[in-house]
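Just so it is clear, none of the values below were taken in a lab; they were calculated from the coordinates. Keep in mind it's a predicted model, so treat the numbers as computed, not measured. All Cβ positions, even for glycine, are placed from backbone atoms using ideal geometry, and neighbour counts span all protein chains on display.
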Amino acid sequence: MQSSNGRHRDGGGGPESSAGKHEDQGEYGTASREVRYEDPWYDALASGWGELDGTAAPPPAVPGARTEPEDAAVRARDVYLEVQRSAAFQEVRSRYRRFVVPGFAVFFTWYVGYVVTATTAPGLMARPVAGAVNVAMIAGLGQFLTTFLLTWAYARHARLRRDRAALELRWDTQELTRGVRGGES
């Protein structure tokens, strides 16, 4: 059988067979101390993974995909800082916080209350409500229900109160940075 790089895998069946080798030669006719593996995927897997290249120095850093002039990067940074300081951005952040902070507080309190009650008052949680259904089951299903309810409320709040303003901010930011970079995309 032959490998993808032209060498025999089993070491036999040709002039490279073990009968024609010297003792200091490896399987492919080169000195065993100097065997070089020719598979292109071998080097690709190990390259750039923090290994030293034999000179005791780390490999050189890979340059960035895009090279921008330093002054263009500074101006783009200024655009983002300007947008961050704008009243529209502050309003979007304020609307986000006005929903998330109370929502988190209520849900976290409800969750911790459920866990604490389950561990400190097992008699209360074991009290039957209807047949085999007890307080713990209802409270546990209530956890799932409130998770879905909070997710729905968050998505609705975002859609009605923040998404349009955030989209306009993103559009304005892209237009401003495109103008700074000279119309590049």
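What is the spin-label model distance, in nm, from Phe107 to Ala153 if the labels are put 7 Å beyond Cα along the C-beta direction?
That separation, rounded to one decimal, is 1.0 nm.
Could you work out how far apart the two model spin labels at Leu81 and Ala139 are, taking each label as a point 7 Å from the Cα in the direction of the beta carbon, and quote it in nm?
5.2
What FRET efficiency comes out for the pair Thr146/Gln174, r = Cβ-Cβ distance, R0 = 45 Å, nearest 0.05?
0.75
Name the residue farthest towards the positive end of the dipole of the range 71-119 from the options Leu81, Trp110, Tyr96, assuming +1 on Cβ of Lys and Arg, -1 on Cβ of Asp and Glu, about the Cα centre.
Sorting the options by dipole projection puts first Trp110.
What list of whole percents do you get for P(r) of the range 77-160, with Cα-Cα distances grouped in 10 Å bins up to the one holding the largest distance?
Spelled out bin by bin, the range 77-160 gives 15, 31, 23, 16, 9, 5, 1 percent.
Residues of the range 156-171 with amide nitrogen under 19 Å from the 7 Å Cα-to-Cβ point of Glu91?
157-171
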